[in-house]
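Q: Let me begin by handing over the structure; questions about it come next.
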Amino acid sequence: AAAGCALAGALSVSVGALDGRAATFAVGIALGGACAVTAASASAPRPVRQGAAAGAVAYATGLTVASAALLELPVARWGLPVLLVPAAVVACAPRLGAVRVAAEVAGAVAGALAVALAASDPATWSLVLALAGVVCAGAAVRPERRAAGWAAGALLVAASWVRLAASGVAVPEAYTLPVTVPALVVGFLRRRRDPEASSWVAYGGGLAATLLPSLVAAWGDPHWLRPLLLGLGALGVTLAGARGRLQAPLLLGAVTLALVAVHELAPYVVQVVDALPRWLPPALAGVLLLAVGATYERRLRDARRLRNALTRLH
């Protein structure tokens, strides 16, 4: 550790005669190299090595951002080279030993920064989200990082939604259903081989790929056909989940159906409320609160039974 710090100090002094940009890059490279040397040093205390590993990743991220700025790239495109940092961390993680977790956390922060930088340009943002999903999928290959697969799925789905929105697609189902159908088939085959597999793993991603974009489109659609078809589809998914005791279809279908119903019934509810005397809605709300308060213990038991029933589903 002392050797790394001394090396960094010597290099920092030696670049004093350089111009500002060159000096900035030289100091950044020197400090990042010193952090990397310290992280690799077996004689340094473990907390010091972990901090140095995170520092090396942070310096690499900073230098990447500075390079993109020096090349006068649009800010939205800075995220593309920044993604190289978490990708390198994922590639090197199996050989990082005791500093692996610290480096992975710093790499995850760099990935989040890349996604945030690209948010101002939908087309670039979609690409960065997709590449970040690929990086997470690469991390999920390792058995101890299987949970990264959830992040990969979320990022890839988000990338598709952003791409559809950026392209002005008015019928997202034409693009999402070709993904949902084979995903559900794969999930069905997976549960046939492993009946204990979670329904979220088997069906969650495939259903969400169509239900959620369609729900967003339905809320902004002034016509009745899409909400009707989506409601019927969500009802079918809910009934299938209840019949098969599958948590993912049951919850996703029920939530989608409820939100479609709220969107479609809200104008009529507003009209009814406007037609009532002004004192009646607060009075009804008060009666409802009294009823709930009087039966609080029973409602609490009902909520617990519902929670237990849901947790027993696959």
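The values are calculated or read from the model by the stated rules, or taken from the named source; none is laboratory data. Note that the structure is predicted; figures quoted are calculated from it, not measured. Note that each Cβ is placed from the backbone with ideal geometry, even for glycine, and that neighbours are counted across all protein chains shown. The accessibility values were calculated without ligands, DNA or RNA, using every heavy atom of the protein model including side chains. Shrake-Rupley method; radii C 1.70, N 1.55, O 1.52, S 1.80 Å.
Q: How high is the FRET efficiency from Thr295 to Phe188, r the C-beta distance, R0 41 Å, rounded to 0.05?
A: For R0 = 41 Å, the calculated efficiency reads 0.50.
Q: Then there's this: Per Stokes-Einstein, at 10 °C and 1.306 mPa s, what whole-number D in µm² s⁻¹ belongs to the range 42-87, with the Kirkwood radius over Cα pairs as the hydrodynamic radius?
A: 135 µm²/s
Q: Take the solvent-accessible surface of the protein heavy atoms, probe 1.4 Å, and return the percent of it on the chain that carbon and sulfur atoms account for.
A: Numbers: 13180 of 18300 Å².
For the chain, the apolar C and S fraction of the accessible surface comes to 72 percent.
Q: Once the dipole of the range 94-201 is set up with Lys and Arg at +1 and Asp and Glu at -1 on Cβ about the Cα centre, which of Ala174, Leu96, Ala108 lies farthest towards its positive end?
A: Of the options given, the answer is Leu96.
Q: Let me ask something else. Distance from a point 7 Å along Cα→Cβ of Val169 to each backbone N in the range 224-261: keep the residues under 18 Å and list them by number.
A: Answer for this model: 226-227, 230.
Q: Same structure, new question: Going by the alpha-carbon gyration tensor, a ≥ b ≥ c the square roots of its eigenvalues, is the chain rounded (a/c under 1.5) or, if a/c is not under 1.5, prolate (a/b greater than b/c) versus oblate?
A: Prolate shape, in that a/c is at least 1.5 and a/b is the bigger ratio.
Q: If the elastic network links every pair of Cα atoms under 10 Å, which of Ser199, Ser43, Ser167 fluctuates the most in the Gaussian network model of the chain?
A: Ser43
Q: Determine the order of Arg49, Arg243 by accessible area, beginning with the largest, at a probe radius of 1.4 Å.
A: Arg243, Arg49
Q: Rounded, prolate or oblate for the range 203-248? Axes are the square roots of the Cα gyration tensor eigenvalues, ordered a ≥ b ≥ c, and the cut-off for rounded is a/c under 1.5.
A: Taking the square roots of the gyration eigenvalues as a ≥ b ≥ c, the range 203-248 is oblate.
Q: Would you mind telling me which residue in Thr256, Thr238, Thr295 has the biggest mean-square fluctuation in a Gaussian network model of the chain, where springs connect alpha carbons within a distance under 10 angstrom?
A: Most flexible of the set in this elastic network: Thr295.
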